[in-house]
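Chemist: This is the structure I have questions about; it appears just below.
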Amino acid sequence: MTQTKTAPKKLFIKTYGCQMNVYDSERMAEALGGQGYVETKTAADADMILLNTCHIREKAAEKIYSELGRYRDLKDDKPDLMIGVAGCVAQAEGAEIMRRQPLVDLVVGPQSYHRLPEMEAKARRGEKTLDTDFPEEDKFEQLKSRPKAARGPTAFLTVQEGCDKFCAFCVVPYTRGAEVSRPAARIIDEAKELVDRGVREITLLGQNVNAYHGAGPDGSDYTLAKLIWDLDKIDGLKRIRFTTSHPNDMTDDLIEAHGTCAKLMPYLHLPVQSGSDRILKRMNRSHTAESYLRLIERIRAARPDIVMSGDFIVGFPEETEADFQATLDLIEEVKYGYAYSFKYSTRPGTPAAERPQVDAAEGDARLQRIQGLITRHQREIQEAMVGRTVDVLFEKPGRQADQMVGKSDYLHAVHVTGGNVTQGEVRPVRIVSSGTNSLGGVVLD
Ligand code: 5AD
Ligand code: SF4
(Lines give C-alpha, C1' and ligand atoms only; values in the text may rest on other atoms or scores of the structure.)
(Ligands and ions follow the chains in the order given, each with its own letter.)
Protein backbone atom coordinates (compact mmCIF):
# COMPACT_ATOMS: atom_id res chain seq x y z
CA MET A 1 0.00 0.00 0.00
CA THR A 2 1.41 3.42 -0.90
CA GLN A 3 1.76 6.28 1.53
CA THR A 4 -0.75 8.48 -0.34
CA LYS A 5 -3.49 5.88 -0.05
CA THR A 6 -3.24 5.60 3.72
CA ALA A 7 -2.69 9.29 4.52
CA PRO A 8 -5.90 11.03 5.65
CA LYS A 9 -7.49 13.35 3.14
CA LYS A 10 -7.51 16.98 4.12
CA LEU A 11 -10.58 19.17 4.28
CA PHE A 12 -10.49 22.97 4.27
CA ILE A 13 -13.76 24.65 5.25
CA LYS A 14 -14.21 28.41 4.99
CA THR A 15 -17.22 29.64 6.91
CA TYR A 16 -19.07 32.88 6.20
CA GLY A 17 -21.95 34.47 8.10
CA CYS A 18 -23.74 33.54 11.28
CA GLN A 19 -23.09 31.15 14.15
CA MET A 20 -25.48 28.64 12.62
CA ASN A 21 -23.04 28.30 9.75
CA VAL A 22 -20.21 27.75 12.25
CA TYR A 23 -22.21 24.88 13.75
CA ASP A 24 -23.08 23.50 10.30
CA SER A 25 -19.42 23.60 9.24
CA GLU A 26 -18.51 21.57 12.31
CA ARG A 27 -21.17 18.97 11.48
CA MET A 28 -20.11 18.84 7.82
CA ALA A 29 -16.50 18.26 8.87
CA GLU A 30 -17.67 15.44 11.13
CA ALA A 31 -19.78 13.91 8.34
CA LEU A 32 -16.78 13.96 6.01
CA GLY A 33 -14.61 12.60 8.83
CA GLY A 34 -16.36 9.28 8.11
CA GLN A 35 -14.88 9.48 4.60
CA GLY A 36 -11.38 9.76 6.02
CA TYR A 37 -11.10 13.56 6.02
CA VAL A 38 -9.29 15.57 8.67
CA GLU A 39 -9.50 19.36 8.80
CA THR A 40 -6.70 21.61 7.65
CA LYS A 41 -6.36 25.36 8.12
CA THR A 42 -4.97 26.07 4.65
CA ALA A 43 -6.58 25.67 1.26
CA ALA A 44 -3.20 24.94 -0.34
CA ASP A 45 -2.81 21.46 1.17
CA ALA A 46 -6.50 20.47 0.97
CA ASP A 47 -7.98 17.53 -0.93
CA MET A 48 -11.37 19.11 -0.55
CA ILE A 49 -12.37 22.77 -0.18
CA LEU A 50 -15.82 23.62 1.09
CA LEU A 51 -17.17 27.16 1.22
CA ASN A 52 -20.04 27.47 3.70
CA THR A 53 -21.72 30.60 2.46
CA CYS A 54 -24.04 33.34 3.71
CA HIS A 55 -26.64 35.15 1.61
CA ILE A 56 -27.95 37.69 4.10
CA ARG A 57 -26.49 40.77 2.40
CA GLU A 58 -25.44 41.85 -1.10
CA LYS A 59 -22.22 40.86 -2.81
CA ALA A 60 -22.29 37.49 -1.02
CA ALA A 61 -22.39 35.58 -4.30
CA GLU A 62 -19.72 37.79 -5.88
CA LYS A 63 -17.43 37.15 -2.90
CA ILE A 64 -17.89 33.42 -3.43
CA TYR A 65 -17.08 33.62 -7.14
CA SER A 66 -13.91 35.56 -6.49
CA GLU A 67 -12.90 33.13 -3.74
CA LEU A 68 -13.53 30.19 -6.10
CA GLY A 69 -11.49 31.89 -8.83
CA ARG A 70 -8.52 31.87 -6.45
CA TYR A 71 -8.62 28.08 -6.33
CA ARG A 72 -8.09 27.65 -10.08
CA ASP A 73 -4.30 27.26 -9.76
CA LEU A 74 -4.70 24.78 -6.91
CA LYS A 75 -7.01 22.66 -9.01
CA ASP A 76 -4.63 22.87 -11.98
CA ASP A 77 -1.83 21.57 -9.74
CA LYS A 78 -3.97 18.92 -8.12
CA PRO A 79 -6.76 17.72 -10.43
CA ASP A 80 -8.17 15.47 -7.65
CA LEU A 81 -8.99 18.50 -5.52
CA MET A 82 -12.75 18.59 -4.81
CA ILE A 83 -14.46 21.96 -4.49
CA GLY A 84 -17.88 22.32 -2.87
CA VAL A 85 -20.21 25.21 -2.10
CA ALA A 86 -22.56 24.85 0.87
CA GLY A 87 -24.87 27.14 2.85
CA CYS A 88 -27.31 29.84 1.86
CA VAL A 89 -25.73 31.08 -1.39
CA ALA A 90 -25.68 27.43 -2.48
CA GLN A 91 -29.36 27.19 -1.62
CA ALA A 92 -30.30 30.38 -3.44
CA GLU A 93 -28.03 30.20 -6.49
CA GLY A 94 -26.75 26.63 -6.70
CA ALA A 95 -27.60 25.95 -10.33
CA GLU A 96 -26.12 29.29 -11.38
CA ILE A 97 -22.89 28.53 -9.46
CA MET A 98 -22.56 25.19 -11.24
CA ARG A 99 -23.08 26.89 -14.59
CA ARG A 100 -20.78 29.81 -13.97
CA GLN A 101 -17.90 28.10 -12.22
CA PRO A 102 -16.85 24.75 -13.69
CA LEU A 103 -14.31 24.28 -10.86
CA VAL A 104 -17.20 23.43 -8.52
CA ASP A 105 -17.79 19.70 -8.01
CA LEU A 106 -20.72 19.84 -5.64
CA VAL A 107 -23.31 22.23 -4.29
CA VAL A 108 -25.19 21.45 -1.09
CA GLY A 109 -27.92 23.46 0.64
CA PRO A 110 -28.18 23.86 4.43
CA GLN A 111 -30.85 21.17 4.77
CA SER A 112 -29.10 18.43 2.79
CA TYR A 113 -25.56 18.30 4.10
CA HIS A 114 -26.05 14.89 5.69
CA ARG A 115 -25.82 13.69 2.07
CA LEU A 116 -22.31 15.15 1.68
CA PRO A 117 -20.42 11.83 1.99
CA GLU A 118 -22.47 10.39 -0.87
CA MET A 119 -21.98 13.54 -2.92
CA GLU A 120 -18.24 13.51 -2.28
CA ALA A 121 -18.02 9.90 -3.44
CA LYS A 122 -19.88 10.79 -6.62
CA ALA A 123 -17.66 13.80 -7.22
CA ARG A 124 -14.60 11.53 -6.92
CA ARG A 125 -16.09 9.46 -9.73
CA GLY A 126 -16.38 12.61 -11.82
CA GLU A 127 -20.10 13.06 -11.25
CA LYS A 128 -21.08 16.58 -10.21
CA THR A 129 -24.05 16.92 -7.86
CA LEU A 130 -26.36 19.68 -6.73
CA ASP A 131 -28.62 19.11 -3.74
CA THR A 132 -30.70 22.02 -2.50
CA ASP A 133 -33.72 19.96 -1.41
CA PHE A 134 -35.66 20.49 1.77
CA PRO A 135 -35.76 16.73 2.39
CA GLU A 136 -38.35 14.89 4.47
CA GLU A 137 -35.66 13.24 6.59
CA ASP A 138 -34.04 15.30 9.35
CA LYS A 139 -30.36 15.88 8.61
CA PHE A 140 -29.47 15.77 12.31
CA GLU A 141 -31.04 12.31 12.64
CA GLN A 142 -29.14 11.11 9.59
CA LEU A 143 -25.78 12.31 10.83
CA LYS A 144 -23.99 9.76 12.96
CA SER A 145 -23.50 10.63 16.62
CA ARG A 146 -20.77 13.14 17.18
CA PRO A 147 -17.10 12.21 17.76
CA LYS A 148 -15.92 11.77 21.32
CA ALA A 149 -12.65 13.72 21.14
CA ALA A 150 -12.03 16.44 23.74
CA ARG A 151 -12.77 19.98 22.64
CA GLY A 152 -12.76 23.57 23.88
CA PRO A 153 -15.04 24.87 26.64
CA THR A 154 -17.66 26.60 24.46
CA ALA A 155 -19.94 25.16 21.80
CA PHE A 156 -22.87 26.06 19.60
CA LEU A 157 -25.85 23.73 19.38
CA THR A 158 -28.55 24.28 16.77
CA VAL A 159 -32.02 23.64 18.23
CA GLN A 160 -34.23 25.36 15.68
CA GLU A 161 -33.89 26.35 12.06
CA GLY A 162 -35.76 28.44 9.55
CA CYS A 163 -38.16 31.31 9.90
CA ASP A 164 -41.84 31.97 9.23
CA LYS A 165 -41.72 35.70 9.99
CA PHE A 166 -40.95 37.05 6.50
CA CYS A 167 -39.46 40.42 7.45
CA ALA A 168 -39.63 42.39 4.19
CA PHE A 169 -35.82 42.70 3.86
CA CYS A 170 -34.76 39.16 4.74
CA VAL A 171 -33.82 36.12 2.65
CA VAL A 172 -33.75 33.65 5.56
CA PRO A 173 -37.31 32.32 5.11
CA TYR A 174 -36.37 31.47 1.51
CA THR A 175 -32.87 30.07 2.05
CA ARG A 176 -33.40 28.26 5.34
CA GLY A 177 -37.08 27.43 4.86
CA ALA A 178 -39.91 27.13 7.36
CA GLU A 179 -39.39 27.05 11.10
CA VAL A 180 -38.49 23.59 12.41
CA SER A 181 -37.50 22.63 15.98
CA ARG A 182 -35.45 19.58 16.93
CA PRO A 183 -36.86 17.22 19.57
CA ALA A 184 -35.71 18.14 23.10
CA ALA A 185 -34.36 14.66 23.89
CA ARG A 186 -31.93 14.83 20.94
CA ILE A 187 -30.71 18.25 22.02
CA ILE A 188 -30.23 17.12 25.62
CA ASP A 189 -28.27 14.04 24.45
CA GLU A 190 -26.08 16.20 22.24
CA ALA A 191 -25.51 18.67 25.08
CA LYS A 192 -24.47 15.81 27.41
CA GLU A 193 -22.04 14.52 24.80
CA LEU A 194 -20.55 17.99 24.45
CA VAL A 195 -20.16 18.31 28.22
CA ASP A 196 -18.45 14.90 28.34
CA ARG A 197 -15.97 16.28 25.81
CA GLY A 198 -15.10 19.28 27.97
CA VAL A 199 -17.71 21.85 26.96
CA ARG A 200 -18.82 24.14 29.81
CA GLU A 201 -20.91 26.70 27.93
CA ILE A 202 -23.51 25.95 25.27
CA THR A 203 -25.10 28.57 23.04
CA LEU A 204 -28.41 27.33 21.67
CA LEU A 205 -28.86 28.48 18.10
CA GLY A 206 -31.79 29.18 15.85
CA GLN A 207 -32.83 31.87 13.37
CA ASN A 208 -35.78 32.30 15.70
CA VAL A 209 -34.49 30.40 18.69
CA ASN A 210 -37.06 31.68 21.16
CA ALA A 211 -39.84 30.37 18.90
CA TYR A 212 -38.49 26.89 19.73
CA HIS A 213 -41.39 24.47 20.00
CA GLY A 214 -39.87 21.00 19.70
CA ALA A 215 -41.36 17.83 21.14
CA GLY A 216 -40.52 17.44 24.84
CA PRO A 217 -39.07 14.17 26.19
CA ASP A 218 -42.63 13.04 27.02
CA GLY A 219 -43.96 14.08 23.61
CA SER A 220 -45.53 17.30 24.90
CA ASP A 221 -44.91 20.62 23.16
CA TYR A 222 -41.81 22.26 24.64
CA THR A 223 -40.76 25.88 24.90
CA LEU A 224 -37.20 27.21 24.88
CA ALA A 225 -37.51 27.92 28.62
CA LYS A 226 -38.41 24.27 29.33
CA LEU A 227 -35.45 23.14 27.25
CA ILE A 228 -33.17 25.51 29.17
CA TRP A 229 -34.40 24.13 32.49
CA ASP A 230 -33.62 20.56 31.31
CA LEU A 231 -30.13 21.62 30.23
CA ASP A 232 -29.70 23.35 33.60
CA LYS A 233 -29.78 19.87 35.21
CA ILE A 234 -26.69 18.66 33.31
CA ASP A 235 -23.79 18.42 35.78
CA GLY A 236 -20.66 20.01 34.40
CA LEU A 237 -22.54 22.41 32.15
CA LYS A 238 -21.97 25.83 33.66
CA ARG A 239 -23.48 28.31 31.24
CA ILE A 240 -26.36 28.50 28.78
CA ARG A 241 -26.90 31.19 26.15
CA PHE A 242 -29.23 31.41 23.16
CA THR A 243 -29.42 33.44 19.97
CA THR A 244 -31.17 34.91 17.88
CA SER A 245 -34.53 35.90 19.29
CA HIS A 246 -37.56 37.75 17.95
CA PRO A 247 -39.36 40.20 20.30
CA ASN A 248 -42.74 38.58 19.60
CA ASP A 249 -41.53 35.20 20.88
CA MET A 250 -40.21 36.36 24.27
CA THR A 251 -42.63 34.23 26.30
CA ASP A 252 -43.28 34.80 30.02
CA ASP A 253 -41.50 31.58 31.01
CA LEU A 254 -38.38 32.64 29.12
CA ILE A 255 -38.34 36.09 30.72
CA GLU A 256 -38.80 34.44 34.11
CA ALA A 257 -35.93 32.00 33.42
CA HIS A 258 -33.64 35.00 33.00
CA GLY A 259 -34.37 35.86 36.62
CA THR A 260 -34.34 32.37 38.13
CA CYS A 261 -32.03 30.08 36.13
CA ALA A 262 -28.51 30.65 37.41
CA LYS A 263 -26.89 28.98 34.40
CA LEU A 264 -28.73 31.21 31.94
CA MET A 265 -26.35 34.09 31.28
CA PRO A 266 -27.39 37.77 31.71
CA TYR A 267 -27.06 38.63 28.03
CA LEU A 268 -29.81 38.79 25.43
CA HIS A 269 -29.60 39.41 21.69
CA LEU A 270 -33.00 40.81 20.75
CA PRO A 271 -32.97 42.57 17.38
CA VAL A 272 -35.51 45.34 16.78
CA GLN A 273 -34.11 46.59 13.41
CA SER A 274 -35.66 50.09 13.64
CA GLY A 275 -37.13 52.50 16.19
CA SER A 276 -39.73 53.92 13.80
CA ASP A 277 -43.20 52.38 13.82
CA ARG A 278 -43.72 53.45 10.21
CA ILE A 279 -40.61 51.53 9.14
CA LEU A 280 -41.30 48.58 11.45
CA LYS A 281 -44.67 48.22 9.76
CA ARG A 282 -43.09 48.36 6.31
CA MET A 283 -40.55 45.79 7.50
CA ASN A 284 -43.44 43.49 8.48
CA ARG A 285 -42.05 43.22 12.00
CA SER A 286 -45.46 42.92 13.78
CA HIS A 287 -44.32 44.90 16.80
CA THR A 288 -43.86 48.57 17.61
CA ALA A 289 -40.96 50.45 19.15
CA GLU A 290 -43.08 50.99 22.26
CA SER A 291 -43.98 47.30 22.65
CA TYR A 292 -40.28 46.47 22.30
CA LEU A 293 -39.29 48.98 24.99
CA ARG A 294 -41.99 47.66 27.36
CA LEU A 295 -40.70 44.13 26.73
CA ILE A 296 -37.18 45.18 27.69
CA GLU A 297 -38.58 46.73 30.87
CA ARG A 298 -40.09 43.35 31.79
CA ILE A 299 -36.84 41.53 30.99
CA ARG A 300 -34.88 44.01 33.10
CA ALA A 301 -37.37 43.63 35.94
CA ALA A 302 -36.59 39.89 35.90
CA ARG A 303 -32.82 40.37 35.51
CA PRO A 304 -31.75 43.95 36.25
CA ASP A 305 -28.09 43.53 35.22
CA ILE A 306 -28.85 41.93 31.84
CA VAL A 307 -26.75 43.24 28.95
CA MET A 308 -28.85 43.80 25.85
CA SER A 309 -27.72 43.32 22.30
CA GLY A 310 -29.49 44.06 19.03
CA ASP A 311 -29.42 44.40 15.25
CA PHE A 312 -30.34 47.50 13.24
CA ILE A 313 -30.87 48.21 9.58
CA VAL A 314 -30.39 51.77 8.35
CA GLY A 315 -31.50 53.11 4.99
CA PHE A 316 -34.41 50.70 4.67
CA PRO A 317 -36.56 51.80 1.66
CA GLU A 318 -38.40 55.05 2.41
CA GLU A 319 -36.59 55.62 5.74
CA THR A 320 -36.62 59.37 6.39
CA GLU A 321 -34.36 61.38 8.68
CA ALA A 322 -37.20 61.39 11.24
CA ASP A 323 -37.49 57.59 11.07
CA PHE A 324 -33.75 57.29 11.53
CA GLN A 325 -33.86 59.72 14.47
CA ALA A 326 -36.50 57.46 16.09
CA THR A 327 -34.00 54.58 15.85
CA LEU A 328 -31.30 56.68 17.52
CA ASP A 329 -33.81 57.60 20.26
CA LEU A 330 -34.62 53.96 20.88
CA ILE A 331 -30.91 53.09 21.11
CA GLU A 332 -30.43 55.97 23.54
CA GLU A 333 -33.23 54.56 25.70
CA VAL A 334 -32.12 50.90 25.67
CA LYS A 335 -28.34 51.39 25.78
CA TYR A 336 -27.03 48.22 24.20
CA GLY A 337 -23.93 46.49 25.48
CA TYR A 338 -23.43 45.21 21.94
CA ALA A 339 -25.29 46.05 18.74
CA TYR A 340 -24.80 45.26 15.10
CA SER A 341 -25.90 47.77 12.47
CA PHE A 342 -26.13 47.22 8.75
CA LYS A 343 -26.88 49.36 5.75
CA TYR A 344 -29.96 48.00 4.03
CA SER A 345 -28.96 45.64 1.28
CA THR A 346 -31.38 44.80 -1.52
CA ARG A 347 -32.14 41.10 -1.66
CA PRO A 348 -33.78 39.98 -4.90
CA GLY A 349 -37.05 38.17 -4.28
CA THR A 350 -37.83 39.92 -0.98
CA PRO A 351 -40.74 42.44 -0.84
CA ALA A 352 -38.57 45.45 0.07
CA ALA A 353 -36.39 44.99 -3.02
CA GLU A 354 -39.16 46.46 -5.18
CA ARG A 355 -39.54 49.68 -3.16
CA PRO A 356 -37.98 53.15 -3.54
CA GLN A 357 -34.44 52.90 -2.19
CA VAL A 358 -32.69 55.40 0.07
CA ASP A 359 -29.74 57.22 -1.50
CA ALA A 360 -26.60 55.13 -0.94
CA ALA A 361 -24.50 58.03 0.40
CA GLU A 362 -27.27 58.91 2.86
CA GLY A 363 -27.35 55.26 3.96
CA ASP A 364 -23.57 55.35 4.56
CA ALA A 365 -23.88 58.56 6.59
CA ARG A 366 -26.63 57.06 8.76
CA LEU A 367 -24.56 53.93 9.31
CA GLN A 368 -21.68 56.06 10.57
CA ARG A 369 -23.95 57.96 12.93
CA ILE A 370 -25.65 54.87 14.36
CA GLN A 371 -22.31 53.11 14.83
CA GLY A 372 -20.92 56.14 16.65
CA LEU A 373 -23.77 56.04 19.15
CA ILE A 374 -23.64 52.26 19.60
CA THR A 375 -19.87 52.35 20.15
CA ARG A 376 -20.25 55.07 22.80
CA HIS A 377 -22.77 52.98 24.76
CA GLN A 378 -20.77 49.81 24.29
CA ARG A 379 -17.72 51.52 25.72
CA GLU A 380 -19.63 53.02 28.65
CA ILE A 381 -21.11 49.64 29.60
CA GLN A 382 -17.73 47.94 29.28
CA GLU A 383 -15.99 50.64 31.33
CA ALA A 384 -18.65 50.38 34.04
CA MET A 385 -17.38 46.84 34.66
CA VAL A 386 -14.14 48.21 36.13
CA GLY A 387 -14.18 47.68 39.90
CA ARG A 388 -16.78 44.91 39.68
CA THR A 389 -16.21 41.21 40.30
CA VAL A 390 -17.50 39.01 37.49
CA ASP A 391 -17.35 35.31 36.74
CA VAL A 392 -15.13 34.41 33.80
CA LEU A 393 -15.07 31.16 31.85
CA PHE A 394 -11.49 30.75 30.68
CA GLU A 395 -11.20 29.62 27.06
CA LYS A 396 -7.57 29.82 25.96
CA PRO A 397 -4.10 31.16 26.70
CA GLY A 398 -3.54 34.83 25.80
CA ARG A 399 -0.74 36.26 23.70
CA GLN A 400 1.44 37.13 26.65
CA ALA A 401 3.21 34.78 29.02
CA ASP A 402 1.03 33.31 31.78
CA GLN A 403 -2.02 35.09 30.34
CA MET A 404 -5.46 33.48 29.97
CA VAL A 405 -8.51 34.85 28.21
CA GLY A 406 -12.14 34.10 28.69
CA LYS A 407 -15.60 35.62 28.67
CA SER A 408 -17.52 37.17 31.51
CA ASP A 409 -21.18 36.29 32.12
CA TYR A 410 -21.96 39.44 30.12
CA LEU A 411 -19.87 38.20 27.19
CA HIS A 412 -17.05 40.70 27.60
CA ALA A 413 -13.64 39.32 26.75
CA VAL A 414 -11.48 39.32 29.91
CA HIS A 415 -7.76 38.64 30.19
CA VAL A 416 -5.84 37.88 33.35
CA THR A 417 -2.19 37.19 34.12
CA GLY A 418 -1.28 34.52 36.66
CA GLY A 419 -3.83 33.14 39.08
CA ASN A 420 -3.26 29.51 38.08
CA VAL A 421 -6.29 29.26 35.87
CA THR A 422 -6.94 26.40 33.52
CA GLN A 423 -9.03 26.22 30.38
CA GLY A 424 -12.69 25.45 31.10
CA GLU A 425 -12.65 26.85 34.63
CA VAL A 426 -15.08 29.55 35.79
CA ARG A 427 -13.40 31.89 38.31
CA PRO A 428 -14.38 35.18 39.92
CA VAL A 429 -12.31 38.02 38.52
CA ARG A 430 -12.03 41.59 39.76
CA ILE A 431 -12.01 43.88 36.73
CA VAL A 432 -9.23 46.45 36.90
CA SER A 433 -9.00 47.90 33.39
CA SER A 434 -10.97 48.39 30.19
CA GLY A 435 -9.25 48.36 26.78
CA THR A 436 -10.67 48.75 23.28
CA ASN A 437 -12.11 45.29 22.97
CA SER A 438 -11.48 43.60 26.27
CA LEU A 439 -11.26 43.94 30.02
CA GLY A 440 -8.29 43.20 32.23
CA GLY A 441 -8.72 41.58 35.62
CA VAL A 442 -7.26 39.81 38.62
CA VAL A 443 -8.39 36.32 39.57
CA LEU A 444 -9.76 36.15 43.11
CA ASP A 445 -9.15 33.10 45.28
N1 5AD B 1 -29.95 44.23 4.58
C2 5AD B 1 -29.25 44.60 5.68
N3 5AD B 1 -29.24 43.90 6.81
C4 5AD B 1 -29.97 42.77 6.85
N5 5AD B 1 -30.17 41.87 7.83
C6 5AD B 1 -30.98 40.91 7.37
N7 5AD B 1 -31.32 41.15 6.09
C8 5AD B 1 -30.72 42.31 5.75
C9 5AD B 1 -30.69 43.10 4.58
N10 5AD B 1 -31.38 42.76 3.49
C11 5AD B 1 -29.61 42.03 9.17
C12 5AD B 1 -30.72 42.12 10.23
C13 5AD B 1 -30.64 40.78 10.90
C14 5AD B 1 -29.16 40.47 10.78
C15 5AD B 1 -28.79 39.06 10.96
O16 5AD B 1 -28.83 40.90 9.48
O17 5AD B 1 -30.41 43.16 11.12
O18 5AD B 1 -31.09 40.80 12.25
FE1 SF4 C 1 -35.11 37.28 8.84
FE2 SF4 C 1 -37.05 38.50 10.22
FE3 SF4 C 1 -36.89 35.81 10.21
FE4 SF4 C 1 -35.04 37.26 11.53
S5 SF4 C 1 -37.26 37.16 12.00
S6 SF4 C 1 -34.64 35.51 10.15
S7 SF4 C 1 -34.85 39.06 10.23
S8 SF4 C 1 -37.33 37.10 8.46
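The values are calculated or read from the model by the stated rules, or taken from the named source; none is laboratory data. This one's a predicted model, so the numbers in the text were calculated from it and none came from an experiment. All Cβ positions, even for glycine, are placed from backbone atoms using ideal geometry, and neighbour counts span all protein chains on display. To get the accessible areas, we keep the full protein, side chains included, count just its heavy atoms, and leave off ligands, DNA and RNA. Shrake-Rupley method; radii C 1.70, N 1.55, O 1.52, S 1.80 Å.
Chemist: Which percent, to the nearest 5, of DSSP beta bridges fully inside the stretch 141-383 are antiparallel?
Modeler: The antiparallel fraction comes to roughly 10 percent.
Chemist: For every helix of n ≥ 4 consecutive DSSP H residues, a contribution of -39,500 (n - 2.57) applies; sum these over the chain, divide by its total residues, and give [θ] at 222 nm rounded to the nearest 500 deg cm²/dmol.
Modeler: -10500 deg cm²/dmol
Chemist: Here's something else I'd like to know. Please express the shape of the stretch 360-411 as an equivalent ellipsoid: the semi-axes are the square roots of 5 times the eigenvalues of the C-alpha gyration tensor, given largest first in whole angstrom.
Modeler: So the equivalent ellipsoid measures 32, 15, 9 Å along its semi-axes.
Chemist: Same structure again: Shape call for the stretch 389-443 from the C-alpha gyration tensor, a ≥ b ≥ c root eigenvalues: rounded (a/c under 1.5), prolate (a/b greater than b/c) or oblate?
Modeler: Taking the square roots of the gyration eigenvalues as a ≥ b ≥ c, the stretch 389-443 is rounded.
Chemist: So which GluC sites (Glu not before Pro) in the stretch 72-140 are both in a DSSP loop and have at most 15 other Cβ atoms within 10 Å of their Cβ?
Modeler: Hits after loop and neighbour filter: Glu127, Glu136, Glu137.
Chemist: Also: Using the Cα gyration tensor of the stretch 9-131, with a ≥ b ≥ c the square roots of its eigenvalues, what is the shape: rounded (a/c below 1.5), prolate (a/b larger than b/c) or oblate (neither)?
Modeler: rounded
Chemist: Here's another thing I want to ask about it. Among the trypsin sites (Lys or Arg not before Pro) within the stretch 162-235, which fall in a DSSP loop and have no more than 11 other Cβ atoms within 10 Å of their own Cβ?
Modeler: Passing both the DSSP loop test and the Cβ count: Lys233.
Chemist: To the nearest 20 debye, what charge dipole does the chain have about its Cα centre, counting +1 at the Cβ of each Lys and Arg and -1 at the Cβ of each Asp and Glu?
Modeler: Dipole of the chain, to the nearest 20 debye: 1020 debye.
Chemist: Past 27 Å, Cα to Cα, is the threshold; run Lys139/Lys407; Lys281/Lys335; Lys9/Lys122; Lys59/Lys148 against it and keep the listed order.
Modeler: Lys139/Lys407; Lys59/Lys148
Chemist: Right, something else. When a/c is below 1.5 the answer is rounded, else prolate if a/b is larger than b/c, else oblate, so apply that to the chain with a ≥ b ≥ c taken from the square roots of the Cα gyration tensor eigenvalues.
Modeler: Oblate, because a/c is 1.5 or more while a/b does not exceed b/c.
Chemist: Mind checking the per residue accessible area of the chain for me, 1.4 Å probe, whole number of Å²?
Modeler: Dividing the accessible area of the chain by its residue count gives 44 Å².
Chemist: Quick check: at a probe of 1.4 Å, how many percent of the accessible area of the stretch 389-443 sits on carbon and sulfur atoms?
Modeler: For the stretch 389-443, the apolar C and S fraction of the accessible surface comes to 44 percent.
Chemist: How far, in nm, would the chain grow between Glu332 and Gln19 when pulled straight, counting 0.36 nm per residue and subtracting the alpha carbon separation?
Modeler: The span from Glu332 to Gln19 would gain 109.9 nm if fully extended.
Chemist: Could you work out how far apart the two model spin labels at Glu297 and Ser145 are, taking each label as a point 7 Å from the Cα in the direction of the beta carbon, and quote it in nm?
Modeler: The two pseudo-label positions are separated by 5.0 nm.
Chemist: By how many nm would the segment from Asp277 to Arg70 grow when fully extended, if each residue of separation counts as 0.36 nm and the alpha-carbon distance is taken off?
Modeler: Working it through step by step, the gained length comes to 70.0 nm.
Chemist: Please go through the stretch 357-416 and write out the GluC sites (Glu not before Pro) that DSSP classes as loop and that have at most 16 other C-beta atoms within 10 Å.
Modeler: Counting only loop positions with at most 16 other Cβ atoms within 10 Å, none of the GluC sites (Glu not before Pro) in the stretch 357-416 qualifies.
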